[in-house]
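Trainee: Right, I'll just put the structure down here and ask away after.
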Amino acid sequence: MLREIAPPNPLSIAADDISYWTQVRSHFVLDPGHCYLNNASLGMPPKTVAESVGEGFMLLSRNPTNAKRTLARYIAETVRPGLADFLGAAASEIALTRNASESLYDIVNCLDLKPGDEVLTTTQEHPSALKPVSIKMERQGITLKQVTIPSPLESADQIVSLMDSGITERTKVMFFCHVTRGGYLYPVKRLTSLAAERGVLSAIDGAQAIGMMPVDLSDLGCDFYANSLHKWFLAPSGTGFLYVREAIQDLFKSLYISDQDASLGAARYESLGTYDLPTRAAIGTAQDFLNRIGIQNIQRRLRMLSDHLKAGLHDIPKVRLLSDRASDISSPGSTIFDISGVDLPQWVELFLDEAKLHVDDHTLDGHCAMRISTHYYVTTQDIDRFLEKLVELIKRLA
Ligand SMILES: Cc1ncc(COP(=O)(O)O)c(C=O)c1O
């Protein structure tokens, strides 16, 4: 289980190479007949990742002393540097956490915000980003300012200009998604540049981005980046990270370590106490699996699948596609749509019970919509099966 992480695959694999992607699919153990179109909620890790977690627990049961040391060393010497490398960051900039929510809480809690300071964000944030700020509002009198971003998105220019107009001399930090819950892609680099120009910190909720497409954190130029590795990266449930740019670490005080030992780097932001060693160690297995395919190949495959889905949705009367078909404002993995007058969230269970199709609702931005997420293990036949069921339900119920 504690294997070295393979280097990234440099080969270009066609997004529709059936024999290649069928072979990849054979590494997943989804129950026969089921079709998992809800990866944006919780990723479906390949068998090897599940086995790795199991083996880690077996090691702990057989020889706890030895296993604890071995797993902790593997995490420090292989997992953290390997992940940092994949993200274009230094190992000292990565704190390993349980999920994006924990990372977002840490950002808000560790920031030295004073009464009257403003936190600027958008109306499209996940509750995990908004909750910690609301608590600070109640307890410390800071102000949360939410810029309304239209849904469907109109353009990247519009997002930048709306955020720009929201900045005041009181703004201390700007929070925004890299990819929103519904799969909208934000112009992150332009937004981090805007923040830097205006002397504001930039904190990105990247829960829906890592593992879906290449992301280079130093190139993005953000100060903080929060992620859940149990989504698109396909690591075990309960894994995530917080990136804290090296240059701001001395100003960003850890809640966990009082002496602020700089030699710890971002590890000082990790919660104290014993953590789930086998689960965290299996991030290495997930990264190894991902690298063997290659993140560029994954991104192309995802784009092909979501293009196929969008084309199919576009052809169904009554369906309104909320995700844009242009790739600059839509991520490759998640697609949202609605049907006027239909409570689509109520159909989520019907899809599962009647057709073994796992889908999710999408109720942010006032929508009563549905979200379909298509990771690389999904096939175009799976998508067609979903589209056929949708047509049938529309005929029956809409
Ligand atoms: C955009 C976004 N941010 C944060 C989260 C929270 O992720 P987690 O529950 O893994 O912490 C989610 C979960 O779906 C999300 O979509």
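Quick note: the coordinates plus some simple rules give every number you see, no bench work behind them. Everything quoted here is computed from the prediction, not taken from an experiment. Cβ sites come from the backbone with ideal geometry, for glycine too, and all protein chains shown count toward neighbours.
Trainee: Could you work out how far apart the two model spin labels at Ile248 and Leu42 are, taking each label as a point 7 Å from the Cα in the direction of the beta carbon, and quote it in nm?
Mentor: So the label points at Ile248 and Leu42 sit 3.2 nm apart.
Trainee: Taking the Cα of Asp17, stepping 7 Å toward and past its beta carbon, and measuring to each backbone N in region 301-338: which are under 12 Å?
Mentor: Answer for region 301-338: 301.
Trainee: Taking neighbour counts of Cβ atoms within 10 Å as a proxy for exposure, in what order, fewest first, do Arg98, Arg385 appear?
Mentor: Ordered by Cβ neighbours within 10 Å, fewest first: Arg385, Arg98.
Trainee: Which of the peptides 196-209, 122-135, 161-174 is most tightly packed, and how do the rest follow, going by the mean number of other Cβ atoms within 10 Å of each residue?
Mentor: So the peptides 196-209, 122-135, 161-174, ranked by packing, come out 196-209, 122-135, 161-174.
Trainee: How big is the gap, in Å, between the Cα center of region 95-145 and the Cα center of region 76-93?
Mentor: Rounded to whole Å, the Cα centres lie 25 Å apart.
Trainee: Using alpha carbon centroids, what distance separates region 363-395 and region 326-348, in Å?
Mentor: 8 Å
Trainee: Now, a different point. Using only Cα atoms, what Kirkwood radius does region 296-397 have, in angstroms?
Mentor: This gives a value of 13.8 Å.
Trainee: Which of Lys395, Lys310, Lys47, Lys356 comes first, and how do the rest follow, when ranked by fewest Cβ neighbours within 10 Å?
Mentor: Ascending number of Cβ neighbours within 10 Å: Lys395, Lys47, Lys356, Lys310.
Trainee: Set the bar at 25 Å for Cα to Cα. Now go through Lys47/Lys189; Lys189/Lys231; Lys145/Lys189; Lys231/Lys253 and name every pair that lies beyond it.
Mentor: Correct reply: Lys47/Lys189; Lys231/Lys253.
Trainee: With unit charges on the beta carbon (Lys/Arg positive, Asp/Glu negative), name the residue among Ala100, Ile329, Tyr20 whose Cα is farthest towards the positive pole of the charge dipole of the chain.
Mentor: In the chain, that residue is Tyr20.
Trainee: For the chain, what is the convex hull (Cα atoms) projected area averaged across all directions, in square nanometres?
Mentor: That works out to 19.9 nm².
Trainee: Let me know the charge dipole size of the chain about its Cα centre in debye, to the nearest 20, where only the beta-carbon of Lys, Arg (+1) and Asp, Glu (-1) is charged.
Mentor: So the dipole magnitude of the chain works out to roughly 500 debye.
Trainee: To the nearest 20 debye, what is the magnitude of the charge dipole of region 296-397 about its Cα centre, counting +1 on the Cβ of each Lys and Arg and -1 on the Cβ of each Asp and Glu?
Mentor: Using Cβ point charges on Lys, Arg, Asp and Glu, region 296-397 gives about 320 debye.
Trainee: Output the relative contact order of region 66-287, whole-number percent, from Cα pairs under 8 angstrom with separation of 6+ residues.
Mentor: 27 percent
Trainee: Taking the beta-carbon count within 10 Å as an exposure proxy, list Tyr269, Tyr225 from fewest neighbours to most.
Mentor: Exposure proxy ranking, most exposed first: Tyr269, Tyr225.
Trainee: Something else now. 7 Å from Cα along Cα→Cβ at both Ser340 and Lys114: what's the point-to-point distance in nm?
Mentor: So the two model labels end up 5.3 nm from each other.
Trainee: Just to confirm my numbers, what's the Cα centroid distance between region 270-310 and region 147-226 in Å?
Mentor: What the calculation gives is 22 Å, centre to centre.
Trainee: Among all the aspartates and glutamates, which ones have a C-alpha under 14 Å from Lys131's C-alpha, if same-chain residues fewer than 8 places away are not counted?
Mentor: Hits, sequence-local ones excluded: Glu102, Asp106, Asp205.
Trainee: Mind checking which lysines have their C-alpha under 25 Å from Lys395, skipping anything on the same chain fewer than 8 residues away?
Mentor: Result set, ordered by chain and number: Lys310, Lys318, Lys356.
Trainee: With each label point set 7 Å from Cα along the Cα-Cβ vector, what nm distance links Ser165 and Phe28?
Mentor: Spacing of the two 7 Å Cα→Cβ label points: 4.2 nm.
Trainee: In debye, nearest 20: dipole of region 66-287 around its Cα centre with unit charges on the Cβ of K, R (+) and D, E (-)?
Mentor: With Lys and Arg at +1 and Asp and Glu at -1, about 560 debye.
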